[in-house]
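Working notes, structure below.
No value in this document is a laboratory result; all are computed from the given coordinates. Note that the structure is predicted; figures quoted are calculated from it, not measured. All Cβ positions, even for glycine, are placed from backbone atoms using ideal geometry, and neighbour counts span all protein chains on display.
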Amino acid sequence: MARPLATLLVMLALISLPVAASAAAAVAGKESAAPPIGPSINKGRAGTYLVETRQAGYNYYVFVPASYSDANPAGLHVHFHGQASQKTAPNFDNWNKYFLTPYNLIGINMQYMDGDNTHDTEGKLKTAQGAIAQVMADYKIIAGRGAICSFSGGGCVHGMFAAKFSKDRGVEWPFCQSALYSSNYRVEATIGTPMGWYIGVGTKEWSLASLGSDAKARTGELLSAIAKGGDPDVLFNVIQDKDHTILEVDVQEAGKIFPRSDLAYAPFLYAPDYPDKELRQIVAGANALQLGGASAAVAKLLAKADLVGDLKKKAEDLDARIIARIDRVTAMAKELCANDPVLAAFYLPMFINQCKGSASEKGLRAMSSAASKEKGFSATLAAHAQFTKNFSSLMPGDARIPPDKKKEVDSLNAHFPATSLIGRMVTNLLSLK
């Protein structure tokens, strides 16, 4: 793929960019929240539209999927474009296909008209924070339920954002998944709150502005953390012959991770919809993913004979949403037990804890026990631990596993089900030429 000269020149500047992308912090820290923002003239607006901010040349596009309504509050999907690719900002096609409509997320594509994420990175981040705050003021947004992603030099802003604000999930870091699409994201990937990760890069762009080594380094950090309890929901996807672009398959694969991260980490209720004192604590518990306790509490409230009118309707709505969430958790647990021993071993204890005290707890425990007794389950976990421990040494150069390491990787891959995340990842790495 031919690259414009301007793009190449800016990309060359990224090669010498300091580690952490000028993030100023090696560890995610707390910074003061932006002042509250009131609704704008775009409040409740449908479709796609451009917002020009007070900072000249720093704009953003918003896409509201048809799935959104006041009765169906949304999460967020935020994207930082690459060097000299500001003209891509109006395009939400693949975001919508694999994230926005399927998972009811409102999209924000940042647009920096200078096309240079290395210039005034902090100012660009502040504009992005303002965009997020404004969308939260204009729509019902569940803070903490969202995906953040970047392409190419957009990783500079993405990385600074993570370095400064990712310690806690919430209004300042409203995400449960991160996706790096050929991204110069040079911040330690494990500094923040747990998330699912997609890390994609192409073989033809591997050496461009350290994209390949950045992707491999972030993957290595995440895989190394698994032994200490880190999330194994990490897909390192090296795409044969891909040049410097985001392919549809990139977004498709990233989109497969979101439902798991959503159920594991994200709140799901829009708290302002339940202001009544009888409901506030139940909502807080449900959003803290104490689903069993919240379900029992709302059932107890609904059993009161004097519960009538609007409060009863809200309680019934709340009950239905909590039950639906428990059903989604149960369905995901069943899927993981059938297809992915590694992810089942990680997520099932979380799901059991979420549903503790509910009618679903017993079934989840039975699923977990049965899965752990399946032939090959323990061997898969052991092989996964070995692969993640040796990841860097198995790929000492580029993404291709050298001939003298292939036998070892083949023997480990024999234990990974073809349907599993790790199985698909390793099979792909072995196929690279």
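Using Cβ contacts closer than 10 Å as the measure, can you line up 302, 125 from fewest to most?
Ascending number of Cβ neighbours within 10 Å: 302, 125.
Peptide packing for 37-46, 357-366, 215-224 was compared via the average number of neighbouring C-beta atoms within 10 Å per residue; ordered from the highest value, the list is 215-224, 357-366, 37-46. Summarising the label geometry, the points placed 7 Å from Cα in the beta-carbon direction at residue 356 and residue 393 lie 3.9 nm from one another. Start at zero, step by 10 Å, and the Cα-Cα distances of segment 377-431 spread as 25, 61, 13, 0 percent across the bins.
Note on the chain: antiparallel DSSP beta bridges, both residues inside, total approximately 30 percent of the bridges counted. Tally Lys and Arg at +1 and Asp and Glu at -1 over the other residues with C-beta under 12 Å from the C-beta of residue 329: what net charge comes out? Once positives and negatives cancel, what remains is +1.
In a reduced charge model with +1 at each Lys and Arg Cβ and -1 at each Asp and Glu Cβ, segment 94-190 shows a dipole moment near 320 debye about its Cα centre. Distance between Cα centroids, segment 44-98 to segment 243-281: provide it in whole Å. Taking the Cα centre of each part, segment 44-98 and segment 243-281 sit 16 Å apart. What would the Debye formula give as log10 I(q)/I(0) at q = 0.10, 0.24 Å⁻¹ for the alpha-carbon point model of segment 271-372, no solvent? The computed values of log10 I(q)/I(0) come out as -0.31, -1.15. In whole Å, how far is the Cα centre of segment 215-237 from that of segment 155-198? Segment 215-237 and segment 155-198 have Cα centres spaced 14 Å from each other. By the count of neighbouring beta-carbon atoms within 10 Å, fewest first, 316, 248, 253 end up ordered 248, 316, 253. Could you point to the label whose value was computed as Rg and Dmax of the Cα atoms in Å for the structure here, given (1) 24.9, 80; (2) 22.0, 69; (3) 22.1, 74? Among (1) 24.9, 80; (2) 22.0, 69; (3) 22.1, 74, the one derived from this structure is (3).
Between residue 70 and residue 300, what is 0.36 nm times their sequence separation minus the Cα-Cα distance? Round to one decimal in nm. It would help to have the intermediate numbers written out before the result.
Working: separation 230, 0.36 × 230 = 82.80 nm, distance 2.69 nm.
Between residue 70 and residue 300, full extension yields an extra 80.1 nm.
For q values of 0.16, 0.21 Å⁻¹, compute log₁₀ I(q)/I(0) with the Debye formula on a Cα-only model of segment 202-306, without solvent. Results for segment 202-306 at q = 0.16, 0.21 Å⁻¹ read -0.83, -1.10.
Where Rh denotes the Kirkwood radius from the mean inverse Cα pair distance, what is Rg over Rh for segment 46-198? Could the numbers behind the result be given before it?
Working: Rg = 14.0 Å, Rh = 15.1 Å.
Here the Rg-to-Rh quotient is 0.93.
Calculate for the chain the 222 nm mean residue ellipticity that helices alone would give, adding -39,500 (n - 2.57) per DSSP H run of length 4 or more and normalising by residue count, nearest 500 deg cm²/dmol. Please list the in-between numbers first.
On the way: 13 runs with 194 residues, N = 433.
Roughly -14500 deg cm²/dmol at 222 nm, from the helical runs in the chain.
State to the nearest 20 debye the size of the charge dipole of the chain about its Cα centre, where the only charges are +1 on K and R beta carbons and -1 on D and E beta carbons.
Working: 45 positive and 40 negative charges, 147 e Å.
In total the dipole reaches around 700 debye.
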